[in-house]
Amino acid sequence: MLQRKMKKIFPGVYRINGKLATKNSVRGFRVYGERLIEKKGQEYRFWDPFRSKLGAGILKGLKKLPIKPNYNVLYLGSSTGTTASHVADITRNSVYCIEFSKRMMRELIPVSGVKTNMIPILGDAIHPLEYCHNINLVDVIYQDVAQPNQAEILIKNTEMFAPRYAMFVVKSRSINAVKSPKKVFEEEIDKLKEKFKILQIVDLRPYDKDHVLVNLEVF
Ligand SMILES: C[S@@+](CC[C@H](N)C(=O)[O-])C[C@H]1O[C@@H](n2cnc3c(N)ncnc32)[C@H](O)[C@@H]1O
């Protein structure tokens, strides 16, 4: 029988034969056509770093994953749930999925009907007051919204939900398409320095160009 090499990278996150994977919280369920494999009576879902910036960040050397098995996560910009579903495999607790596109929400709702710790919330991340009543305590915010005011969105949500950590995807072209991405990243991350300790900045190339993933601890 084929022996698969398996290494735990973070709690709930593995490398199997070199490929990233999470333990599938719902056996047999796929979210975006990813491959499932069985190992020692447990099913794992491969995690495509070209489809997920968190997956890319982990493969690019993220040192600390502030999404832990007992953490509640506020996920801003969940889209149809590709990355959020892996987050929902890692934590047994709630993943509050904020998405403002009704079209994306239509695809997210059936996913959250099966992965029941994903809570879909139709809302605009710039207005946390409008969805805060649906959300309990949050340990970490994961934000991936393609908006010109990305730092402002993160600050507003941090003030509202008081998490310990944040993971912030910066897309340079959504902020300024003509300035050099390096300059845009520097300026955007600078806006966070009063509220957060910058733990690590991960360049997501070659999986995603013009993006960095910033790991933050709230002061
Ligand atoms: C790059 S996609 C997210 C991909 C997703 N994080 C993943 O890895 O599977 C960005 C998403 O953010 C949503 N979005 C953009 N601005 C938003 C806002 N202000 N509030 C909520 N969602 C927003 C978009 O509709 C889109 O689905």
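None of the figures in this text is laboratory data; all of them are computed from the coordinates on show. What you are looking at is a predicted structure, and each value in this text was computed from that prediction instead of being measured. Neighbour counts are summed over all protein chains in view; Cβ atoms, including those assigned to glycine, are modelled from backbone coordinates with ideal geometry.
Between residue 191 and residue 164, the C-beta separation translates, for a Förster distance of 22 Å, into a calculated FRET efficiency of about 0.65. For the stretch 189-210, the residues whose amide N sits under 18 Å from a probe point set 7 Å from the Cα of residue 177 along the beta carbon direction are 209-210. What the pair-distance distribution of the stretch 6-46 shows, using all Cα-Cα distances binned every 10 Å from zero, is 32, 60, 8 percent.
In order along the stretch 8-21, the Karplus-derived 3J(HN,Hα) couplings, from 6.51 cos²θ - 1.76 cosθ + 1.60 at θ = phi - 60°, round to 7, 9, 9, x, x, 10, 10, 10, 10, 6, x, 9, 6, 7 Hz, and Gly and Pro are given as x.
Sorted by packing (mean other beta-carbon atoms within 10 Å per residue), highest first, where do 55-65, 33-43, 76-86, 125-135 land? Please list the in-between numbers first.
On the way: 55-65: 18.1, 33-43: 11.8, 76-86: 25.4, 125-135: 15.0.
Answer by packing, highest mean first, reads 76-86, 55-65, 125-135, 33-43.
Using a Gaussian network model of the chain with C-alpha springs under 10 Å, which one of 149, 72, 157 is most mobile by mean-square fluctuation? Highest fluctuation among the options: 149. Across the stretch 65-81, computed HN-Hα scalar couplings (Karplus, 6.51 cos²θ - 1.76 cosθ + 1.60, θ = phi - 60°) run 10, x, 10, 10, x, 10, 9, 8, 10, 9, 10, 9, x, 6, 6, 8, x Hz from first to last residue, x flagging Gly and Pro.
Using alpha-carbon pairs under 8 Å, 6+ residues apart, how would you state the relative contact order of the stretch 99-219 in percent?
Values: 164 pairs, mean separation 26.0, N = 121.
Relative contact order for the stretch 99-219 comes out at 21 percent.
Relative to the longest principal axis of the Cα atoms of the chain, helix 181-190 runs at roughly 70 degrees. For the stretch 167-205, applying the loop criterion from DSSP together with a ceiling of 11 other beta carbons within 10 Å to the GluC sites (Glu not before Pro) yields 194. Normalised by the number of residues in the stretch 66-120, the average gap of Cα pairs under 8 Å and 6 or more apart makes the relative contact order 38 percent.
When only Cα pairs under 8 Å and 6 or more residues apart are kept, what is the percent relative contact order across the chain?
On the way: 427 pairs, mean separation 35.8, N = 219.
Normalised by residue count, the contact order of the chain is 16 percent.
Let me test this: with uniform point scatterers at the alpha carbons of the chain, what is the Debye-based log₁₀ I(q)/I(0) at q = 0.11, 0.15, 0.18 1/Å? Log10 of I(q)/I(0), two decimals: -0.50, -0.95, -1.37.
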